[in-house]
Structures are given as structure tokens and as C-alpha cells.
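Enquirer: Please find one structure pasted underneath; my questions will follow.
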Amino acid sequence: MAKVFIGMPAYNSSRFVREAVDSLRNQSYTDWKMLISDDASTDETRSICEEYEKKDQRITYCRQPKNIGQFDNFKLVLD
């Protein structure tokens, strides 16, 4: 089990998600796991996150079937 868990809620984040994930992946510390919870984005967030999930086994991408809202999506990654 990884020592660090990173939960990242996302919604229409295509402008920023690549930079955020690359920043994490470029750190010297590597013992982490990440969950990206996409709150039914309507932009390119899904394809970008799926690309990272395929590239890096530490990243898990979860897409909500419908928009659950900012607070519930944040709570989901905390739980």
C-alpha cells in the first residue's frame, strides 16, 4: 500500500489537469496513489485522465455518471 494518497476532484478541468498530474508525477517521491474523480465533465477532462491512467498504474480515474456537485465529489475522494 502506498504511503500517500492523493484525491483529486475534477470538473471541466481540461485546462489544468495535465499540469497538475504532471507536477505530481515529476516529484522525486514516488510512493503514492491518486484517485481522480471526474464529476461528469463536458470538456476533454475524461480523455486526458484516461490517458494518464493508462500511462501510470498509480493513477485511478473514476467518472461519475451524472454531476454530483462539487462538495459530494470532494467528499468522495476524501472517503
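Enquirer: If you scan region 8-31, which residues turn out to be open to solvent by less than 70 Å² (accessible area, probe 1.4 Å) and of a type in the set (A, V, I, L, M, F, W, C)?
Expert: Restricting attention to region 8-31, the residues satisfying the condition of being open to solvent by less than 70 Å² (accessible area, probe 1.4 Å) are 8-10, 12-14, 17, 20-24, 31.
Answer for region 8-31, where residues must be open to solvent by less than 70 Å² (accessible area, probe 1.4 Å) and of a type in the set (A, V, I, L, M, F, W, C): MET8, ALA10, VAL17, ALA20, VAL21, LEU24.
Enquirer: Sticking with this one: Can you work out which of the residues in region 67-77 that are of a type outside the set (A, V, I, L, M, F, W, C) and part of a helix (DSSP H, G or I) is nearest to the chain's Cα centre (by Cα)?
Expert: First pass over region 67-77, keeping only residues of a type outside the set (A, V, I, L, M, F, W, C): 67, 69-70, 72-73, 75.
Going one step further and asking which of them are part of a helix (DSSP H, G or I), we end up with 70, 72-73, 75.
Numbers: GLN70: 14, ASP72: 15, ASN73: 11, LYS75: 14 Å.
Step by step, filter region 67-77, then rank; the result is ASN73.
Enquirer: Next up: Of everything in region 1-46, what is farther than 21 Å from LYS75 by Cβ, among the small types (Gly, Ala, Ser) and touching a helix residue (DSSP H, G or I) at 6+ places or on another chain (Cβ under 7 Å)? Give them in sequence order.
Expert: Correct list: SER14 only.
Enquirer: Another question about this same structure. Would region 53-75 turn up any residue that is among the small types (Gly, Ala, Ser) and touching a residue at least 24 places away in the same chain (Cβ under 8 Å)?
Expert: Quick first cut of region 53-75, residues among the small types (Gly, Ala, Ser) only: 69.
From what's left, touching a residue at least 24 places away in the same chain (Cβ under 8 Å): 69.
Yes, region 53-75 has at least one match.
Enquirer: Filter region 32-66 for residues that are open to solvent by 60 Å² or more (accessible area, probe 1.4 Å), more than 12 Å from the chain's Cα centre (by Cα) and of a type outside the set (Ser, Thr, Tyr) and give the result.
Expert: At the first step, the residues of region 32-66 found to be open to solvent by 60 Å² or more (accessible area, probe 1.4 Å) are 33, 42, 44, 46, 50-51, 53-55, 57, 60, 63, 65-66.
Restricting the remaining residues to those that are more than 12 Å from the chain's Cα centre (by Cα) gives 42, 44, 54-55, 57, 65-66.
Scanning region 32-66 gives GLU44, LYS54, LYS55, GLN57, PRO65, LYS66.
Enquirer: Does ILE6 satisfy the criteria of being modelled with pLDDT of 95 or more, of a type in the set (A, V, I, L, M), touching a Cys at 6+ places or on another chain (Cβ under 6 Å) and not in a helix (DSSP H, G or I)?
Expert: Working: modelled with pLDDT of 95 or more: yes; of a type in the set (A, V, I, L, M): yes; touching a Cys at 6+ places or on another chain (Cβ under 6 Å): no; not in a helix (DSSP H, G or I): yes.
Considered against the rule, which asks whether it is modelled with pLDDT of 95 or more, of a type in the set (A, V, I, L, M), touching a Cys at 6+ places or on another chain (Cβ under 6 Å) and not in a helix (DSSP H, G or I), ILE6 comes out as no.
The values are calculated or read from the model by the stated rules, or taken from the named source; none is laboratory data. The structure displayed is predicted, hence computed values, not measured ones. In this analysis, Cβ positions are derived from the backbone assuming ideal geometry, glycine residues included, and neighbour counts consider all displayed protein chains. Side chains included, ligands, DNA and RNA excluded: accessible areas come from the protein's heavy atoms. Shrake-Rupley method; radii C 1.70, N 1.55, O 1.52, S 1.80 Å.
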